[in-house]
Amino acid sequence: MSSFFGRMMFGLGRGVRETGQALDRVGCKIQGNLAFVEELSRHRRLAPLYDKWPSVGKKVFIAPNASVIGDVQIRDGASVWYGAVLRGDVNSISIGANTTIGEDSVVHVAGGNVPGTEARAAVVGDDVVVDPGAVIHACEVKDGAWVQSGSILLDGSVLGKGSILGPGSLLTGKTVPDGEYWAGSPAVKVRDVNETDAQVAAQRRAAISQLAAEHDHEHLKTAEQRHHSAENYRPPNFGKGVQADH
């Protein structure tokens, strides 16, 4: 009897799900055959932890799938890109004005609760560029510095004002003086930062800031606004003669 009842409920559930899928397709067709227009993501960009809440300044872009958790302060004009994680759980994180944290980067702290470690916050200054895939752990990155793609800064490291850490580098608790270019694993000084480096960094900051504003504007659109935007961008014969694969 229970087996029969179980099969019956399974069949009923399947029928309800298929009906829902069919209704979703009809709804998309009525809306102009646009799929995934509605904002249904349950992801929380800002999440409190214990009694600590993230603090976010003005004109800050935080991507929909980025995570800013706990004791984190982000100042005006900063941007936190897709997949980045800022986890201020056992200490605090400070992100300066007009600083960018690139895709899939991680900023974390040290609570000193692991033997042989010290409690350290993560402090990232103003006008800093952190490229995608970097790890900033319980260290300090000073104003105008550039952490290039895939680099790692471990506990106690200091990247000086206007300095550059080359791609894929590992900084193991050392202090990089102001205006120097370091690279390697472990990182060592390669040369001083020159005028060309400084110009490229400034141009990169400006370009990312502009892009952040554009991404933020797009993500603030309602479903109806996205529908009309998509209609405007589509070519005249879009979708004609194409059969849906469902």
Can you pull the accessible area of Tyr82 for me, 1.4 Å probe, Å² to the nearest 10? 60 Å²
Hey, what D do you get for the range 112-212 in µm²/s if you plug the Kirkwood alpha-carbon radius into Stokes-Einstein at 37 °C and 0.692 mPa s? 243 µm²/s
Translational diffusion coefficient of the range 51-140 at 37 °C, 0.692 mPa s, Stokes-Einstein with Kirkwood Rh over Cα pairs, in µm²/s as a whole number. 259 µm²/s
Whether the range 145-199 is rounded, prolate or oblate, judged on the alpha carbon gyration tensor where a/c under 1.5 counts as rounded: prolate
Go through the range 105-205 and name the GluC sites (Glu not before Pro) that are in a DSSP coil and have 13 or fewer other Cβ atoms within 10 Å of their Cβ. Glu118
Accessible area of the range 165-218 with a 1.4 Å probe: how many percent of it is carbon plus sulfur? 54 percent
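To the nearest 20 debye, what charge dipole does the range 50-143 have about its Cα centre, counting +1 at the Cβ of each Lys and Arg and -1 at the Cβ of each Asp and Glu?
Computed about the Cα centre, the dipole is about 180 debye.
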Accessible area per residue for the range 60-209 in Å², computed with a 1.4 Å probe and the full protein assembly in place, what is it? 39 Å²
Straight distance only, please: which lysines reach the Cα of Lys58 with their own Cα at less than 23 Å, same-chain residues fewer than 8 apart left out? Lys142, Lys221
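The values are calculated or read from the model by the stated rules, or taken from the named source; none is laboratory data. All of these numbers come straight from a predicted model, not from anything done at the bench. Cβ coordinates were reconstructed from backbone atoms using ideal geometry, including for glycine residues, and neighbour counts include every protein chain displayed. The area values use the complete protein model at the heavy-atom level, side chains included, leaving out ligands, DNA and RNA. Shrake-Rupley method; radii C 1.70, N 1.55, O 1.52, S 1.80 Å.
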